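Engineer: Quick one: the structure is below, and I'll ask about it shortly.
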Amino acid sequence: MKLNLKRPLAFFDLETTGTNIGVDRIVEISVIKMNPDGGEEVKTWKINPEIPIALESSLIHGIYEEHIVNAPTFKNAAKEIADFIGDSDLAGYNSNRFDIPMLMEEFLRVEHPFDIESRHFIDVQNIFHQMEQRTLRAAYQFYCGKDIVNAHSAEADTRATMEVLLAQIERYADTEFEDKKGVKTKPVVNDVEGLHKFTNMSNPVDFAGRMVYDETGAEVFNFGKHKGKKVEDVFKIEPSYYAWMMQGDFPLYTKRKLEQIYKRYNAKKDQVKPEQKTAEPKQQPNPQPENKKIDTQVAKKPFTPRPNNPAFVPRKERKEEPAKPIDNDMLKQLADKFKKG
């Protein structure tokens, strides 16, 4: 069947050095871009992660360090990958929790622009887990009646994911689903926006799920001692928690979203209310009572020097004498004056 698309949908899968989003790196990425006209484009990149690949990971995806020693680093491949994906919506298997945050981490690490805010995301695993709850291999067998050939290679897993989604849409077109609140809908539809809503049930703020939106749209922590508390409330009761997270081993995208919330919180906190301008009371003169007599004998008069006073010399007529140079007699007089008894 043909997927109803308003813009391209990029199915992608990552193979990595490990599963720690903040530390591990991509060693292979495969993208199948499905276009609205039904055509598709496929590209796969091997990536030199510049760090060792965990043996456990190599045993799963079959990529060892000697296989990628001459491969480009993500920094060198970032522009080509971003250009190929373009403005596509994104789809994958367990992509909301792992592939998308891992991809964003790589773009942020090399400071290459990649807009994530305006895209829709379809996590095929979420459809499957809510409707059947199995693995990708079981999903492919269940929905498509086939086994994955060359499982755990990026392109094979990506193609299996794409085929599973198409089969899910066809299978659950008229299937009713009841959520935890008892609301019944038919959520598996041939529409990217509808599938985006259905596969983002936890409503995460940062993909890694460290923060989620509550029913009111406020961000709340989804881990640790503050789980279930609003992020802004934690900033109030424990301001150092922000610094701890920003300095900790959290994904860069998680830190970016946390920083946005922190700046918004501070902007609201520091918002100055318009000052209420009040007219200053006019100073009233203190008029003398009409019947009160001023004691002229007590009142002070300004000093006016008398010209006939022999000690008085007008300022203009004073002669300034030059300062005398300091001599030994003066120094002796000063020493005698301040000499301790």
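The values are calculated or read from the model by the stated rules, or taken from the named source; none is laboratory data. Just so it is clear, the model here is predicted, and its values are computed rather than measured. Positions of Cβ are backbone-derived with ideal geometry, glycine not excepted, and every protein chain shown enters the neighbour counts.
Engineer: Can you name the residue in the stretch 81-129 that is more than 15 Å from Asn200 (Cβ to Cβ), in contact (Cβ under 8 Å) with a residue 40 or more places away in the chain and of a type in the set (Asp, Glu) and is also surrounded by the fewest Cβ atoms within 10 Å (Cβ to Cβ) among such residues?
Structural biologist: It comes out as Asp87.
Engineer: Are any of the residues in the stretch 2-9 over 18 Å from Ser153 (Cβ atoms), polar (S, T, N, Q) and not assigned by TED's automatic domain parsing to the domain that holds Ala173? Lay out the reasoning, then the answer.
Structural biologist: Taking the stretch 2-9 and keeping what is over 18 Å from Ser153 (Cβ atoms), we get 2-9.
Next, from what is left, pick out any that are polar (S, T, N, Q): 4.
Now drop any that are not not assigned by TED's automatic domain parsing to the domain that holds Ala173, which leaves 4.
The answer is yes, given that some residue of the stretch 2-9 is over 18 Å from Ser153 (Cβ atoms), polar (S, T, N, Q) and not assigned by TED's automatic domain parsing to the domain that holds Ala173.
Yes/no matrix, rows are residues, columns are (1) in the same structural domain as Asp206 (by TED's automatic domain parsing); (2) part of a helix (DSSP H, G or I); (3) over 22 Å from Arg119 (Cβ atoms); (4) acidic (Asp, Glu):
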{"residue": "Val69", "(1), (2), (3), (4)": "no, no, yes, no"}
{"residue": "Ala78", "(1), (2), (3), (4)": "no, yes, no, no"}
{"residue": "Ile81", "(1), (2), (3), (4)": "no, yes, no, no"}
{"residue": "Leu90", "(1), (2), (3), (4)": "no, no, no, no"}
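Engineer: Is it true that Asp89 is at pLDDT 95 or above and of a type in the set (Asp, Glu)?
Structural biologist: yes
Engineer: Out of (1) small (Gly, Ala, Ser); (2) modelled with pLDDT of 95 or more; (3) over 25 Å from Lys46 (Cβ atoms), the odd one out for Ala78 is which?
Structural biologist: (3)
Engineer: Okay, moving on. If the Cβ limit is 7 Å and pairs must be 6+ apart or interchain, which residue in the stretch 36-60 that is in the same structural domain as Asp191 (by TED's automatic domain parsing) and within 26 Å of Ala10 (Cα to Cα) pairs with which residue that is exposed (fewer than 13 other Cβ atoms within 10 Å of the Cβ) and of a type outside the set (Asp, Glu)?
Structural biologist: Partner pairs satisfying both residue conditions: Pro36/Lys6; Gly38/Lys2; Asn48/Val69.
Engineer: If we keep just the residues of the stretch 168-204 that are of a type in the set (Phe, Trp, Tyr) and crowded, with 17+ Cβ neighbours inside 10 Å, which is modelled with the highest pLDDT?
Structural biologist: Going through the stretch 168-204, the residues of a type in the set (Phe, Trp, Tyr) turn out to be 172, 177, 198.
After this cut, where a residue has to be crowded, with 17+ Cβ neighbours inside 10 Å as well, the list is 172, 198.
On the way: Tyr172: 94, Phe198: 90.
Among them, the one singled out is Tyr172.
Engineer: Something else now. Filter the stretch 5-22 down to the residues that are of a type outside the set (Asp, Glu), within 21 Å of Arg119 (Cα to Cα) and surrounded by 13 or more Cβ atoms within 10 Å (Cβ to Cβ) and list them by number. Quick ask: steps written out before the conclusion?
Structural biologist: First, the residues of the stretch 5-22 that are of a type outside the set (Asp, Glu): 5-12, 14, 16-22.
Add one more test, that the residue is within 21 Å of Arg119 (Cα to Cα), and what stays is 5-12, 14, 21.
Selection gives Leu5, Arg7, Pro8, Leu9, Ala10, Phe11, Phe12, Leu14, Ile21.
Engineer: While we're on this one: Among the residues of the stretch 48-56, are any surrounded by 15 or more Cβ atoms within 10 Å (Cβ to Cβ), not in a loop (DSSP other than H, G, I, E, B) and not small (Gly, Ala, Ser)? Walk me through how you get there before you give the answer.
Structural biologist: Filtering the stretch 48-56 for residues surrounded by 15 or more Cβ atoms within 10 Å (Cβ to Cβ) gives 48-49, 53-54.
Keeping just the survivors that are not in a loop (DSSP other than H, G, I, E, B) gives 48.
When the remaining residues are screened for being not small (Gly, Ala, Ser), the result is 48.
Scanning the stretch 48-56 turns up at least one residue that is surrounded by 15 or more Cβ atoms within 10 Å (Cβ to Cβ), not in a loop (DSSP other than H, G, I, E, B) and not small (Gly, Ala, Ser).
Engineer: When you check Phe198 against the structure, is it in contact with a Ser or Thr (Cβ under 9 Å, 6 or more places away or on another chain) and either outside the structural domain of Lys263 (by TED's automatic domain parsing) or over 20 Å from Gly22 (Cβ atoms) (or both), yes or no? Walk me through it before giving the result.
Structural biologist: Values: in contact with a Ser or Thr (Cβ under 9 Å, 6 or more places away or on another chain): yes; either outside the structural domain of Lys263 (by TED's automatic domain parsing) or over 20 Å from Gly22 (Cβ atoms) (or both): yes.
Yes; evaluated as a whole, the condition is true for this residue.
Engineer: Would you please name the residue that is nearest to Met102 (Cα to Cα), looking only at residues in the stretch 264-283 that are modelled with pLDDT of 90 or more and surrounded by 10 or more Cβ atoms within 10 Å (Cβ to Cβ)?
Structural biologist: So, considering only residues that are modelled with pLDDT of 90 or more and surrounded by 10 or more Cβ atoms within 10 Å (Cβ to Cβ), the one nearest to Met102 (Cα to Cα) is Arg264.
Engineer: In the stretch 130-143, which residues are surrounded by fewer than 21 Cβ atoms within 10 Å (Cβ to Cβ) and aliphatic (A, V, I, L, M)? First the steps, then the outcome.
Structural biologist: Step one: of the stretch 130-143, the residues surrounded by fewer than 21 Cβ atoms within 10 Å (Cβ to Cβ) are 130-138, 141-142.
Across the stretch 130-143, the qualifying residues are Met131, Leu136, Ala138.
Engineer: Using the structure shown, decide if Ala167 is without any contact (Cβ under 8 Å) to a residue 24 or more places away in the chain and under 17 Å from Phe11 (Cβ atoms). Spell out how you get there, then give the answer.
Structural biologist: Working: without any contact (Cβ under 8 Å) to a residue 24 or more places away in the chain: no; under 17 Å from Phe11 (Cβ atoms): yes.
Here the answer is no, as Ala167 does not meet what is asked.
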